[in-house]
Structure formats: C-alpha cells, structure tokens
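Participant: Encoded as structure tokens, here's the structure I'll be asking about.
Derivation of every value follows stated rules applied to the coordinates shown; laboratory data play no part. It should be emphasised that the depicted structure is a prediction, and the values quoted were computed from it without experimental measurement. Every residue, glycine as well, gets a Cβ built from its backbone with ideal geometry; the counts of neighbours run over all protein chains shown.
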Amino acid sequence: MSERHGVVVGISGASGAAIGVRIVEHLAQNPRCAVHLVVSPAAERTLAEEIGTTALPRLRALAFRDHAPSDVGASIASGSFPVSGMIVAPCSIRTLSAIAWGQLDNLLVRAADVQLKERRRLVLLVRESPLHLGHLRAMVQATEIGAIIAPPLPAFYLKPQSLSDVVDQIACRAINLLGLPDVAVPAQQWHGEDAGRT
Ligand SMILES: Cc1cc2nc3c(=O)[nH]c(=O)nc-3n(C[C@H](O)[C@H](O)[C@H](O)COP(=O)(O)O)c2cc1C
C-alpha cells in the first residue's frame, strides 16, 4: 500500500464549524489519509456555540495529529514535511487576511502559507456576509498567490433535504477541490439533461 496522504485541516472562528467537522469525519474514514488538525482559539468558541461542548474533544480524537495553533515548530510548519494539501473550513476573514498578506503568527496560517510556497492546493471556505471591499481584496490577493476561495454556499440545485445535507455537500466539494484522487469522496453532482442516462 502506498503512503498515506497527509491533509491539513484548519478550523478558524467563522460560522459553520460543522463543515470543518464533517470534512475531518470524511477524511478520517479514509485509511489512505492522515488528518493534521489545527483549531484556532476562536474556532473552539464557535464549535462550542454552534455544536456543543462535546464537539471539540470528538474532533480532536478523529485527527491523526492535533496540533496546537501556537506550535509554530510543528511538522506541518515546514515545507519539507510531506503533506498533500490543506483546507481551511470555515475560514474567517481574519485568517483569510493573514494568509493573503503573510501575517504568519500562528500554525494554522503558517501551514497555509507552506502549501502555497510548495505549490500545493489550499482551499479556503471563506465565510462572511455581507462583504466589504477589503474582504474582496483579500480574496483577490489570496487567489493571486494560489489559494482556492470556495465560500461555503448551498448547492440549491441538488435539492438538499436538511441542513446536514447542505453541510455534507459543502464538505465533500471542499475535499474534492484538493484534487487528490485517493482522498476524493463521492459527491452529488448536477447532470443536467444527462440525468438518468448512462
Ligand atoms: C459565533 C461566532 C460567529 C462568528 N462568525 C464569523 C464569520 O462568519 N466570519 C468571520 O470572519 N468571523 C466570524 N466570527 C469572528 C471571528 O471568530 C474572529 O474574527 C476571530 O478573531 C477569528 O480568529 P481566527 O481567524 O484566528 O479563528 C465569529 C465569531 C463568533 C463568536
């Protein structure tokens, strides 16, 4: 069996903590994937507010490694450590801005910068609304240096039946944006007029 893909999952303090949890749940089920988790202090707060106080210990237990955001000397802070990509879900404007302009003051943003400098995929599920020009400029800057901005928006055309469906669709799409065939998960797709044909 070939080596496992290391995937970094950063959870920052934007709304939508459940999406980050679902991404980790999917990746943790895959024996070919090792999740390196970084949860910001603000995300600890949103996890507790939005899901409950049991969410964080459950999440930490799913990870292959749970890194403290203050540990800027962790393995994933170095480009020489072999990981295959990173998702930040949800991604706050603070974390987006820090990544966009290289304000690398914690492990989450340092690991994100490492993906960019090593030319690996970095998927940012930026969550804020409404957006002012500074937010939009930060997204442009992050895109120009190589990140993929993928706001966590429902795919209404897939007719989700519940919030859990919405969370799952967004989580699967984010994982598949890593572009790693071994890590990809089955995701609902729109087939248009080809629906039902083989
Ligand atoms: C319940 C709650 C919801 C929040 N939602 C958002 C949000 O959707 N987007 C955002 O950019 N910040 C949001 N924030 C504010 C961030 O948590 C705050 O800016 C924090 O400093 C982000 O830090 P981090 O990027 O290190 O996680 C929210 C905070 C709380 C407590």
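Participant: Using r as the Cβ-Cβ distance of Thr53 and Asp182, and R0 as 41 Å, what FRET efficiency do you calculate, to the nearest 0.05?
Facilitator: Calculated value: 0.75.
Participant: So how far, in whole Å, is the C-alpha centre of region 165-182 from the one of region 53-124?
Facilitator: Taking the Cα centre of region 53-124 as reference, the centre of region 165-182 is 17 Å away.
Participant: Stretched out fully, how many nm does the piece from Trp190 to Asp66 gain, at 0.36 nm a residue minus the Cα gap? Each step should come with its number before you reach the end.
Facilitator: Details: separation 124, 0.36 × 124 = 44.64 nm, distance 3.54 nm.
That works out to 41.1 nm of additional length.
Participant: Using unit Cβ charges (K, R positive; D, E negative) and no other charged atoms, how large, in debye to the nearest 20, is the dipole of region 5-176 about its Cα centre?
Facilitator: Details: 16 positive and 13 negative charges, 68 e Å.
Here region 5-176 has a charge dipole of around 320 debye.
Participant: Let me test this: with uniform point scatterers at the alpha carbons of region 5-176, what is the Debye-based log₁₀ I(q)/I(0) at q = 0.10, 0.17, 0.19 1/Å?
Facilitator: Scattering profile of region 5-176, log10 relative to I(0): -0.33, -1.00, -1.27.
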